[in-house]
């Protein structure tokens, strides 16, 4: 069985492109026809997630629900969304369509438990909205893992690095800034790190950090390809 | 006015990814919300184009028509298709939907006339199906330009290089093979070259050749971004 994957994307576009590239790399394919079918709605007009979660801007929920329905009409069998923060609105997406939805947060929390079974504290490299919505705190608490997140100036530095990636800057300086954010969380006691923003693994590799790094993008890619080839949902 | 662009993609997936990446790079954007909306149907299951054109395999026309209708239902305002060979079935796509369709062949032929107004012979780096369907021959003849295409062993070497790109191999050897194919067409008298297969510009740059090189992908990208921002159709 082959399934068509609907991608709620554009949150932001660079992360969606990165997800698409990683899906192609992760698919064993000798000719075009061996690849999986993805229908990607790269919709950058969705209201900004951090402001929506904080209540200081419009909610992205109606736009996300509409995209889910559009992907269903276009022929998708399963939905994914390569954006951690937008998972604060997962319930709205699930309510809008009858399609199964693969939660990036749940598959990442599963991977943390698998990669670092003795971990007590996960350092979360994520945007403010993902942290304050508590999606990872809840999911990891259920697995006995506490979340350590950047605060104050450390948070501002991380947000600045993420904004640079969104603008297409993946150069050495942006990489060094992201690495410094990761090192700070390790210094605070994190024994595993989560790249919990799809812009983070664009410029941060496992080799750049001293503890296991779980890339939410890679975990979602792996699960997406497996489900496209018929893995149980 | 902003328009949503529907992308008939997956022909092949690597070229669709390349098109998406180039659209992002070509869009002036400071934040996510400045980017354009693309709905990409990356459908690699469309029957192989060369065999379809030669009549030795099933026609891709029904699948392409279905994709066009699906993209219309998903909310696209305009359709593009980053695959030269599939333009042999352009009439089937236009017949399937009421949406405007930007022809990659026409915008490329316009660019050849603009970049090399005195050109007499355009060297066409394209797959067998694109060449034998005559889409470029017709479009360029209308602008007074003759097409020179690889034949025999030269064609086989070009097809081999394109297949390598489709498999994700964009290394030095593949680049050198593509450059050699381009040099052969110049030796045969081409005074302008067309990267007339979306896999070609993935590994061939203007600096690699001695005459002007028109990348059908870049031309389509430029036109796509302009139309998304409201340019007249």
Checklist outcome for this item: Computed over the stretch A:104-215, the distribution of all Cα-Cα distances in 10 Å bins, rounded to whole %, is 16, 52, 29, 3
Checklist outcome for this item: Taking Cα pairs closer than 8 Å and at least 6 residues apart, the relative contact order of the stretch A:104-215 in percent is 34
Item to check | Neighbouring partner chain Cβ atoms per residue of B:27-35, average, 10 Å criterion | outcome: 6
Checklist outcome for this item: Mean other chain Cβ within 10 Å across A:70-76 is 6
Checklist entry - Packing-wise, with mean Cβ within 10 Å as the measure, how do B:126-139, B:203-216 rank, highest first? => result B:126-139, B:203-216
Checklist outcome for this item: Calculated from DSSP helices alone, with each H run of at least 4 adding -39500 (n - 2.57) and the total divided by the residues of chain B, [θ]222 nm to the nearest 500 comes to -14500 deg cm²/dmol
Checklist entry - By how many degrees, between 0 and 90 and to the nearest 10, does the Cα long axis of helix B:13-26 differ from the longest principal axis of chain B? => result 70
Item to check | Sequence-separation-based contact order of chain B, relative, with Cα cut under 8 Å and 6+ spacing, percent | outcome: 24
Item to check | Against the rule of thumb 2.2 N^0.38 Å, how large the Cα Rg of the protein assembly as shown comes out | outcome: 1.01
Checklist outcome for this item: For peptide B:60-67, the mean count of other chain Cβ atoms within 10 Å per residue Cβ is 1
Checklist outcome for this item: Of all DSSP beta bridges having both residues in the protein assembly as shown, the percent classed as antiparallel (nearest 5) is 10
Checklist outcome for this item: In degrees rounded to 10, the 0-90 angle between helix A:172-187 Cα long axis and the longest Cα principal axis of chain A is 70
Checklist outcome for this item: Pseudo-spin-label distance residue A:157 to residue B:132, built 7 Å along Cα→Cβ, given in nm, is 6.2
Checklist entry - Angle, helix B:216-228 long axis vs. longest principal axis of chain B, Cα atoms, 0 to 90°, nearest 10? => result 20
Checklist entry - With each label point set 7 Å from Cα along the Cα-Cβ vector, what nm distance links residue B:66 and residue B:94? => result 2.4
Checklist entry - Ratio of chain A's C-alpha Rg to 2.2 N^0.38 Å, to two decimals? => result 0.97
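Computed from the coordinates by the stated procedures, all read-outs in this text should not be read as laboratory data. Predicted model, so just to flag it, every value in this text is computed and none were measured. Positions of Cβ are generated from backbone atoms using ideal geometry, with glycine treated the same way; all protein chains shown enter the neighbour counts.
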